[in-house]
Amino acid sequence: MNVSIIGAGGVIGRQIVITLVQERIIPINARLQLVGHREGKSKNLLYGLTSDLVDAYAEIIPEIDVCLDPEKVHGDIIIFAAGKSAVNEPGKLHDRQALASANLPIFESYAQILSRNRKHGEEIVVIVTNPVELGVEIFSRYFERSRVIGMGAFSDTLRFRREIATELGCRRQNVQGFVLGEHGMGMVPCWSTVKVYGYMSSKKQEEIAALRNHSCPERQEAVREAIRLLFEENAREAYKYVSSLRADIRTFIRPVVTYRTGSNTPVATAEIVSRLVETIVDGKQILAAAQVSLKGEFLNIHGVTGAPVILSNQGARVVPVELWPEEAKAVHEAAKRFKEYLAKIEP
């Protein structure tokens, strides 16, 4: 199964390439296509990256193809990591609508070209670039919507599980639970879906309830305080503050702080993308969450939002999950907000 990474020369794309090779996820007889822009720095960088990878992993590396022409992208799995990143300004929250306006033509251009040149119609498109919801919306207009997967809710869900596991002193693999809605300020950590192996007794359930009921500042207030500490004090104080917050609030704020340190989140993002690619390549399936284009399958939502899905080499299949009323309302609101800003940025 061949894999194409669009934006392979960027910080995130490059780390995805390294992780896929390093963890032997792509078979040696498959092809890894590094897609860049012939007018940008990637026209040279990707050839150097290929040489470096061959030096490091000669015994396990798949065939690598550098591609500077979107007309020649041919992956069975297409990972989209191209486009602009959010502006990192001291003291300011990200302007999601401005980022969407900047990346809309990039999504549109690639979606048109890739759909026109696909080989068999069963390609899976994995959207990494933000806003993830916008990428899913645009690509779902040209590809079968079940085969377009946004990674935002997938990564948020894994972070949520890790934060809960940290509180309870157990492994993340023992924790179930979803983060749905928007990959951003409108994410919805769904406590109604949380289950922990070994925590079925009433006493143990009280421990989980205590995590949920722990008092915290409002999400936006907490973000501003974390950013203030980061830029006015130091990263150590910012992370110390984040660690004092409730697990679901940390799920959102910790990666924001990491991004603002200048580190971005390339390692975590690449590892999470690689897990999904491995699932597809190995013909397995996992129960997770992802941004998908819905036609009423979940909460009767028509539009793009994070939803519970089974991910496999067939793409994403939405699964029914019963949420608490306030969670369902928040997911609906996230989908509605996306539609509203989409209407503002599209010509």
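General observations
- Summing Lys and Arg as +1 and Asp and Glu as -1 over all other residues whose Cβ lies under 14 Å from the Cβ of Asp69 gives a net charge of +1.
- Calculated P(r) tail over 25 Å for the chain, as whole % of Cα pairs: 53 percent
- Selection from Gln112, Val148, Gly181 lying farthest towards where the dipole of the chain points positive, charges on Cβ: Gly181
- Taking 20 Å as the straight-line reach from the Cα of Lys204, the lysines in range (excluding those fewer than 8 positions away in the same chain) are Lys195.
- Residue order, fewest to most surrounding Cβ atoms within 10 angstrom, among Arg212, Arg116, Arg250, Arg147: Arg116, Arg212, Arg147, Arg250
- Beta bridges per DSSP with both ends in the chain, % antiparallel, nearest 5: 50 percent
- Each part reduced to its alpha carbon centroid, segment 123-160 and segment 296-331 end up 13 Å apart.
- Relative to the Cα centre, the charge distribution of segment 156-286, modelled as +1 at Lys and Arg Cβ and -1 at Asp and Glu Cβ, gives a dipole magnitude of about 320 debye.
- Per-residue Cβ neighbour rank within 10 angstrom, fewest leading, Val17, Val66: Val66, Val17
- If only the Cβ of Lys and Arg carry +1 and only the Cβ of Asp and Glu carry -1, the dipole of the chain around its Cα centre is close to 300 debye.
- Think of segment 3-152 as a dipole: +1 on every Lys or Arg Cβ, -1 on every Asp or Glu Cβ, centred on the Cα centre; then among Gly7, Leu53, Leu134, Leu134 lies furthest on the positive end.
- Entries in Lys72/Lys339; Lys240/Lys284; Lys43/Lys284; Lys84/Lys336; Lys84/Lys339; Lys119/Lys344 that, when Cα-Cα distance is taken, lie over 28 Å: Lys72/Lys339; Lys240/Lys284; Lys43/Lys284; Lys119/Lys344
- Stretched out straight at 0.36 nm per residue, the stretch from His214 to Ser85 would grow longer than its current Cα-Cα span by 43.1 nm.
- Per-residue Cβ neighbour rank within 10 angstrom, fewest leading, Arg317, Arg275: Arg317, Arg275
- With K and R counted +1 and D and E -1, the other residues having a Cβ less than 14 Å from that of Gln22 yield a net charge of -3.
- Mean sequence separation of contacting Cα pairs (under 8 Å, at least six apart), scaled by the length of the chain, corresponds to a relative contact order of 18 percent.
Values in this text are rule-based calculations from the coordinates and carry no lab data. For clarity, every value in this text was computed on a predicted model and none was experimentally measured. Note that we place each Cβ from the backbone using ideal geometry, even for glycine, and neighbour counts take in every protein chain shown.
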